[in-house]
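These notes concern the structure reproduced below.
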Amino acid sequence: MTLVWDTTMSTGIPRIDAQHQELIRKLNGLLHAMQKGRGKEEIEKLLDFLAEYVIKHFSDEEAEMERVNCPAAIANRIAHQHFIKRFTEFRERFKKEGASPRIVIDVQKTLMDWVIMHIRGVDTKLAASVTRKAEART
């Protein structure tokens, strides 16, 4: 299953939306590489990139939520901590087991589904806060 970013994932902040789009592209690339049985090194490069990218993105997004006083800021930070924990566990498991069919399924179910549900369920709450802040300035 390939993930596709659409307007139901818009946060109202172009930089954050662009980061979400890049995150989805990289997750799709990871899943594709694993499904095709590509070399462990290629998959490890993608995992390393995602590990760094997710930390930067989460930091940027949390800062934006604080900046616009988004009511979802605390829930978002907690969700990010849980994702990092799951992602770290996944990386450790991959190092031990390689790209087994079970791990491919888990990537799709655990990581990819989480990202989409999180963006639509939590991150999009930024849009209302961005609008409120803009209206308050006028």
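Odds and ends about this structure:
- No other residue among Asp106, Asp17 is in contact (Cβ under 8 Å) with a residue 12 or more places away in the chain, in contact with a Phe, Trp or Tyr (Cβ under 8 Å, 6 or more places away or on another chain), surrounded by 14 or more Cβ atoms within 10 Å (Cβ to Cβ) and within 19 Å of Lys125 (Cα to Cα) apart from Asp17.
- For segment 88-119, filtered to residues that are within 21 Å of Leu3 (Cα to Cα) and of a type in the set (Phe, Trp, Tyr), the residue that is farthest from the chain's Cα centre (by Cα) is Phe90.
- Screening Ala127 with (1) among the small types (Gly, Ala, Ser); (2) within 30 Å of Glu41 (Cβ to Cβ); (3) at pLDDT 85 or above gives one miss only, at (2).
- Residue pairs meeting the criteria (Cβ under 7 Å; at least 6 apart or on separate chains; first in a loop (DSSP other than H, G, I, E, B), in segment 109-138; second not basic (Lys, Arg)): Thr124/Met9; Thr124/Ser10; Thr124/Thr11
Let's see how each residue does on (1) within 17 Å of the chain's Cα centre (by Cα); (2) not hydrophobic (A, V, I, L, M, F, W, C):
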site	(1), (2)
Met9	yes, no
Arg15	yes, yes
Ile24	yes, no
Gly29	yes, yes
Glu44	no, yes
Leu47	yes, no
Glu61	yes, yes
Glu66	no, yes
Ile78	yes, no
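- Applying the condition of being in a helix (DSSP H, G or I) and basic (Lys, Arg) to segment 3-36 and asking which residue is modelled with the highest pLDDT yields Arg15.
- Residue within segment 45-54 that is aromatic (Phe, Trp, Tyr), within 18 Å of Arg120 (Cβ to Cβ) and surrounded by 13 or more Cβ atoms within 10 Å (Cβ to Cβ) present: no
- The residue that is nearest to Asp113 (Cα to Cα), counting only those in segment 81-102 that are in contact with a helix residue (DSSP H, G or I) (Cβ under 7 Å, 6 or more places away or on another chain) and not in a helix (DSSP H, G or I), is Ala99.
- Matching residues, segment 84-94, being under 12 Å from Phe58 (Cβ atoms) and modelled with pLDDT of 90 or more: Ile84
- Pair list, Cβ under 7 Å, 6 or more apart: segment 60-82 residue under 15 Å from Ala128 (Cβ atoms), other residue surrounded by fewer than 16 Cβ atoms within 10 Å (Cβ to Cβ): Val68/Lys133; Ala73/Glu66
The values are calculated or read from the model by the stated rules, or taken from the named source; none is laboratory data. Note that the coordinates shown come from a computational prediction; the quantities given were computed from them, not determined experimentally. Methodologically, a virtual Cβ is constructed for each residue, glycine included, from the backbone with ideal geometry; neighbour enumeration extends over all protein chains shown.
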